[in-house]
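> The following block contains the structure, expressed as structure tokens.
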Amino acid sequence: MRLAAAGVTALAAAVLAQVAAAHGAAPTGVPVAVLALGVLLAPVRTLAGRRLLRDLRRDHPLPGAAAGTRPGPEEAGLLTALYGRRALRRLLPDFAAAAGLLGGRAARETVARSGGGPYEGSDAVI
């Protein structure tokens, strides 16, 4: 079961509002509980948003791994927005892995755990 941070917050607000209503603050608790549950049950994407995303994905397909041409920065950004991690893995695998964008450790955590980095031991002033 996936609950986004907003969903968890809405659920917590609903519970607190019910507690407030049970302790005699019904004029405050009930509307807040209804609003919080409405946020929790609202769809993540609207129908118009789903259509727009479908149309954009149709107009901007993700290039295959065998494609010889790489998209420019603007196109890569759009493809990443449309396809997420799948686009990062295909278009910028080294950068995405080093930056920790694919779910792994970030580069700074890797450097911190290895005990060294490009600036350690140098007299560079940053």
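The values are calculated or read from the model by the stated rules, or taken from the named source; none is laboratory data. Because the structure is predicted, anything quoted here is derived from the model rather than measured. A quick note on method: Cβ atoms are made from the backbone with ideal geometry, for glycine too, and the neighbour counts reach across all protein chains shown. The protein model used for the area step is the full one, side chains on, heavy atoms only, and it has no ligands, DNA or RNA in it. Shrake-Rupley method; radii C 1.70, N 1.55, O 1.52, S 1.80 Å.
> Order ARG89, ARG70, ARG57, most accessible first, counting only protein heavy atoms with a 1.4 angstrom probe.
Sorted by accessible area, descending: ARG70, ARG89, ARG57.
> From the P(r) of region 39-92, could you give the percentage of C-alpha pairs in the tail past 12 Å?
The calculated P(r) of region 39-92 puts 68 percent of pairs beyond 12 Å.
> Another question about this same structure. Please give the FRET efficiency for VAL44 paired with PHE95, using the beta carbon to beta carbon distance and R0 = 25 Å, rounded to the nearest 0.05.
Efficiency at R0 = 25 Å is approximately 0.35.
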